[in-house]
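Enquirer: Quick one: the structure is below, questions incoming.
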Amino acid sequence: KKLMFQRAQSIINLLNQHGYEAYIVGGAVRNLLMNIPVNDIDITTDCMPDKIVELFDKTIPVGIEHGTVIVLQDDMPFEVTTFREDGEYEDHRRPECVTFVKSLKTDLERRDFTVNAMAIQHNTLYDYFNGEMHIEKRLIKAVGDPDKRFYEDALRIIRALRFMSVLNFSIEDETLKAMEKHAPLLSHVSIERIIIELCKLTEGINVAGALNTFFSIQLHKHIPFFKEMENFVVDQPISFVDYISLYIYLIDLSLLNKLNVLKLSNNQKKSIKDNVTLLSTLSRGDKSLPYLVYHYRQEQLINLAHIINLIEEIELSDAYREFNASEILRVKDALQIQSRAMLAINGSMLMKHFNKKGGPWVKTVIESVENAVIHNTLKNEKNAIIEWIDKHVKI
Ligand code: ATP
Ligand code: MG
C-alpha cells in the first residue's frame, strides 16, 4: 500500500516538474483520512489528456473525451483525470459533454459527496466542502444543492446507499430527502451501473441499514426486477448474487424467469440459478450429498453452507443436517471420481461393447454408471463396470 502511494507520488512529481498541478482525489483521500485500506488511487490534474499521454511512457486512454487516461507506473494502473466540469446532463445520466477547467475547486464541485470531494498534494489537504468534518460525523452529504445533484445524475442515489453500507455512515437529512424525491429518475439510469453499486452495497458493513433505506424510500419501484420485489433485508454482508438467489428462493421462485432484465454476466446468472436449484434440493432432500458434491462447484457449495448458516428462514431437510464446509470437503475427497473424464469407461467403449451406434442411450448409461460410482456401489474399474452394466442395463 505504501508502494502504491509512492508510485502515485512519482506521477504527481513528474506532472509538477512540467509545471502542472496534480492531486490525489476521491476515495483514496477519504480512506486515507479514515485510516482504512485504499483500493486504488485516482489523480486529478490541470494537464490536458493528450499531454498526459505524451509525458508518460505507458498509458491507456480509457476515456479521452472525459479526460481520463490510465498511467501505468511500474505496471500499477492509476487513473489520471484532467480537472473538469460536467456539462448539461441529458436524461439524468452522464453529462452530454465535459469542459476542462483550470481550478481544482471546480473539479471537486462536480463530485458526488463531500467525503469524496477532497484532494491531497504534498501532505496538504484541500477540503472545500467540509469532507473531513463529515468523516468525523460519519455523514454522507451531497456536494452543493442535493436536489440539483440527484436530479443531474440519479445513480448518485444508489451510490449514497453504497457508501452508507461500505463506510457505515448515515445519510444527512437534506441529502436523504432529495434522494427520495428524485427516486423516479432511477428509471433513466442503466441497470448495469445500478448493479455495480448494488454489488458493493450488499458486501458492505451496514447492508441492513442501506437496504432498509433502499426500500423505505421506495427506490425499488423504479428499478427493473426490483420493481417486483418486496422489502428484503439481510443483515450480513453478502454477495449480490447470493442476495438475489436468496430472495428468489425465499420469496418468489417465478422471478427466476425475469433474471434477464438485470443484464448480469452469464456466470452470475448461472450462479443464481444453481444457488436457487441447490437451495430447493437441500430443502427437499431428494439428492445425496455425494451427488451434490460431484455435480456442483465446491466453492459454491461451501458458500451456500455459509449463507444457510446466517439466514434463519432457510430450513434444510434432515438429510443435510451436517451441511458445512468440512463435511463438503470430506465427502468430495471420498469420491472415486471428480469428473466424468475420470470414469474408467467412455461412450465409444459402450458402443463397442453393445455393438450399437451412438445415441441418447449412451449418455443415460454413462450417467447411471457415474451415479453408482459416486455412491460407491460400483468400483471405478473397466471390468467391474462392464459386469455391472451387463447385470443392470437392458438395451
Ligand atoms: P472506492 O473506494 O470504492 O473506489 P471511490 O470513492 O473511489 O470508492 P469511485 O466510484 O471509484 O468511488 O469514484 C471515484 C470518485 O469519482 C468518487 O470518489 C467521486 O469523487 C467521483 N464520482 C464517481 N462517480 C460519481 C458520480 N456519479 N457523480 C459525481 N462524482 C462521482
Ligand atoms: Mg475508486
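Enquirer: Can you pull out the residues in the range 131-181 that are more than 16 Å from ligand 2 (Cβ to nearest atom), in the same structural domain as Leu219 (by TED's automatic domain parsing), among the charged types (D, E, K, R) and touching a Leu at 6+ places or on another chain (Cβ under 7 Å)?
Expert: Within the range 131-181, just Glu172 meets the criteria.
Enquirer: Among what's in the range 35-60 and is in contact with a Phe, Trp or Tyr (Cβ under 6 Å, 6 or more places away or on another chain) and away from ligand 2 (no atom under 12 Å from the Cβ), pick the residue that is nearest to Ala117 (Cα to Cα).
Expert: Thr44
Enquirer: Ala117 fails exactly one of the following numbered conditions: (1) within 12 Å of ligand 1 (Cβ to nearest atom); (2) assigned by TED's automatic domain parsing to the domain that holds Asn31; (3) in contact with a Ser or Thr (Cβ under 9 Å, 6 or more places away or on another chain); (4) of a type in the set (A, V, I, L, M). What is the number of that condition?
Expert: Here Ala117 meets the rest and fails (3).
Enquirer: Can I ask one more? Any residue that is within 13 Å of ligand 1 (Cβ to nearest atom) and touching an Asp or Glu at 6+ places or on another chain (Cβ under 8 Å) - is there at least one of those in the range 15-24?
Expert: yes
Enquirer: A follow-up question, please. Give the residues of the range 140-154 that are more than 24 Å from the chain's Cα centre (by Cα), hydrophobic (A, V, I, L, M, F, W, C) and not in a loop (DSSP other than H, G, I, E, B), sorted by residue number.
Expert: Ala142
Enquirer: Can you list the helices (runs of 4 or more DSSP H) found entirely within the range 212-320 that contain at least 1 residues being hydroxyl-bearing (Ser, Thr, Tyr) and surrounded by 15 or more Cβ atoms within 10 Å (Cβ to Cβ)?
Expert: Because the criterion is at least 1 residues that are hydroxyl-bearing (Ser, Thr, Tyr) and surrounded by 15 or more Cβ atoms within 10 Å (Cβ to Cβ), the helices (runs of 4 or more DSSP H) in the range 212-320 that meet it are 240-250, 266-284, 289-295.
Enquirer: Sort out which residues of the range 326-351 are in a loop (DSSP other than H, G, I, E, B), small (Gly, Ala, Ser) and surrounded by 12 or more Cβ atoms within 10 Å (Cβ to Cβ), and write them in order of number.
Expert: If the condition is that a residue be in a loop (DSSP other than H, G, I, E, B), small (Gly, Ala, Ser) and surrounded by 12 or more Cβ atoms within 10 Å (Cβ to Cβ), then Ala344 is the only one that fits.
Enquirer: Right, another one. Taking Ile135, is it under 26 Å from the mean Cα position of the chain (by Cα), at pLDDT 95 or above and either within 23 Å of Ile12 (Cβ to Cβ) or in a loop (DSSP other than H, G, I, E, B) (or both)?
Expert: Criteria met by Ile135.
The values are calculated or read from the model by the stated rules, or taken from the named source; none is laboratory data. Quantities reported herein were computed from a predicted structural model and do not represent experimental measurements. Quick reminder, even Gly has a Cβ in these numbers, built from the backbone with ideal geometry, and neighbours come from all protein chains shown.
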